[in-house]
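Enquirer: The following block contains the structure, expressed as structure tokens.
What follows is calculated from the coordinates using simple rules that are stated; it is not laboratory data. Everything quoted here is computed from the prediction, not taken from an experiment. As a convention, Cβ positions derive from the backbone with ideal geometry for all residues, glycine included, and neighbour counts pool all protein chains shown.
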Amino acid sequence: MKTITSRGIALHVQTDGPESGPVVMFANSLGTDLRVWDLMLPYLPDGLRTVRFDKRGHGLSDCPEAPYDIAELVDDAEAVIDAHDLKDIVFVGLSIGGLIGQGLAARRPELLRGLVLMDTAAKIGSPEMWQERIDGLRAGGIESMAEAILDRWFAPEMRNDAARLAPWRNMLTRTPLEGYIGCCSAIAGADFTESTSGLTMPVMAMAGSEDGSTTPDMVKATADLCNGAFHVIPNTGHLPCVEAPEQAGALISDFLKEVGHV
Ligand SMILES: O=C(O)CC1=CCC(=O)O1
């Protein structure tokens, strides 16, 4: 476990694998922390240097007051990269983590060998939709919305498996309210349609067939902006790294080979 500082706040970072290994960096989604990658990492090639971090307001990172702005979240990812002197990175972003990845790709393209967009889009929802969610969260807390969120996160088989669901439900509902709301504001203000259209690096996108948040059509439209590859994982919702870790890991492993990272 390591902590770095970005804009005065502490960010929790975990690195694994040899320091000299090809770097794969991960950014997690709204309401999850860096453990969201735990089940998938064993399906990636040996010898990688994996770098994960808890975005502000999530996991063991500090939780400043909402609202946050997507540029701040990209600053945080950049701070992790600079603190570890990372270069030649394949960046894997899940949902809001994919927005962070697109922001980073636009700002510091020289750092990235490739970008993996997992259940994300250039723009997710509308400002009005996010404001409605924020208002509901302020009124009733995350618990009041947990069932609706889990319906988008997971396909019916996992959704109905109480034991398998429990840790992810707990991760969601234990997210600090302020951190969750701060990130909702960041998503509301994020639109990378223009900059993602201009990306020239290799991009691979994937979507769970049952994702109710960033639907396969939205993810494909984003991949099409930058001539990225696109894959659908069947019977899977918004978190393929949790629900279908073997398939998601295989797609990333193939991409790492295609871009010459392994
Ligand atoms: O809660 C959801 O709708 C899922 C989600 C949207 C952006 C994100 O990071 O997660």
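Enquirer: First measure r as the distance between the Cβ atoms of Asp161 and Ala139, then evaluate 1/(1 + (r/R0)^6) with R0 = 30 Å and state the FRET efficiency to the nearest 0.05.
Expert: It comes to 0.50.
Enquirer: Around Met171, under 10 Å between beta carbons, what's the net of Lys plus Arg minus Asp minus Glu among the other residues?
Expert: Working: positive: Arg35, Arg169, Arg174; negative: Asp33.
Taking every Cβ under 10 Å from that of Met171, the sum is +2.
Enquirer: Another question, then. Quick one: which residues, 5+ away or cross-chain, put their amide H under 5 Å from the amide H of Met25? H built at 1.01 Å from N.
Expert: For Met25, the qualifying residues are Val51, Val90, Phe91, Val92.
Enquirer: Let me ask another. Test of understanding: ordering His58, His12 by Cβ neighbours within 10 Å, fewest first, what list do you get?
Expert: By the 10 Å Cβ count, ascending, the order reads His12, His58.
Enquirer: Per residue of region 50-67, in order, report the coupling 6.51 cos²θ - 1.76 cosθ + 1.60 (Karplus, θ = phi - 60°) as ³J(HN,Hα) in whole Hz, putting x for Gly and Pro.
Expert: 9, 10, 10, 8, 8, 5, 3, x, 9, x, 9, 7, 4, 10, x, 5, 5, x
Enquirer: For region 34-45, what does the Karplus curve 6.51 cos²θ - 1.76 cosθ + 1.60, with θ = phi - 60°, yield as ³J(HN,Hα) per residue in whole Hz, taken in order and with x for Gly and Pro?
Expert: Each residue of region 34-45 in turn: 5, 6, 4, 8, 3, 6, 8, 4, x, 8, 9, x Hz.
Enquirer: Now, a different point. Per DSSP H run of n ≥ 4, the term is -39500 (n - 2.57); total these for the chain, divide by its residue number, and report the mean residue ellipticity at 222 nm rounded to 500 deg cm²/dmol.
Expert: -12500 deg cm²/dmol
Enquirer: Among residues other than Gly237 whose Cβ falls under 12 Å from its Cβ, what is the net charge (Lys/Arg +1, Asp/Glu -1)? Write down the numbers at each step before the final one.
Expert: Values: positive: Arg152, Arg159; negative: Asp119, Asp151, Glu157, Glu210, Asp211, Glu243.
Every neighbour counted, the sum reads -4.
Enquirer: So, one more: Work out which GluC sites (Glu not before Pro) in the chain are exposed loop sites (DSSP not H, G, I, E or B, at most 11 other Cβ within 10 Å) and give the longest gap free of them.
Expert: Of all site-free stretches, the longest is 66-262.
Enquirer: Under a Cβ-only charge scheme (Lys and Arg +1, Asp and Glu -1), can you give me the dipole magnitude of region 2-258 about the Cα centre, in debye to the nearest 20?
Expert: So the dipole magnitude of region 2-258 works out to roughly 220 debye.
Enquirer: Let me ask another. When Lys and Arg each count +1 and Asp and Glu each count -1, what net charge do the other residues less than 12 Å away from Ala155, Cβ to Cβ, add up to?
Expert: -3
Enquirer: Can you list residues whose amide H is under 5 Å from Lys123's amide H, if they're 5+ apart or on another chain and H is modeled 1.01 Å from N?
Expert: For Lys123, the qualifying residues are Phe192.
Enquirer: Check Ser6: other-chain or 5+ apart residues with amide H under 5 Å from its amide H, H built from backbone geometry?
Expert: Long-range HN contacts for Ser6: Leu11.
Enquirer: What is the order of Asp119, Asp191, Asp211, fewest Cβ neighbours within 10 Å to most?
Expert: Listing Asp119, Asp191, Asp211 from fewest to most nearby Cβ atoms yields Asp191, Asp211, Asp119.
Enquirer: Take each uninterrupted DSSP H stretch in the chain, measure its Cα extent along the helix axis, and return the ones at 27 Å or beyond whose mean Kyte-Doolittle hydropathy is at least 1.0.
Expert: none
Enquirer: Given a Förster distance of 30 angstrom, what is the FRET efficiency for Arg108 paired with Ala146, based on the Cβ-Cβ distance and rounded to 0.05?
Expert: 0.25
Enquirer: Just going by the charge dipole of the chain, with Lys and Arg at +1 and Asp and Glu at -1 on Cβ, which of Val262, Leu73, Thr215 is farthest out on the positive end?
Expert: Most positive-ward Cα: Val262.
Enquirer: Per 0.36 nm of contour for each residue apart, how much would the distance between Glu194 and Arg174 grow if the chain were fully extended, relative to their Cα-Cα spacing?
Expert: Extra length available between Glu194 and Arg174 comes to 3.7 nm.
Enquirer: For the chain, what ratio Rg/Rh do Cα atoms give with a Kirkwood hydrodynamic radius? Intermediate values should be presented prior to the final figure.
Expert: Values: Rg = 16.7 Å, Rh = 18.0 Å.
Rg/Rh for the chain comes to 0.93.
Enquirer: Moving on to the next point. Taking the Cα centre of each part, how many Å lie between region 99-161 and region 185-262?
Expert: Between the Cα centre of region 99-161 and that of region 185-262, the gap is 13 Å.
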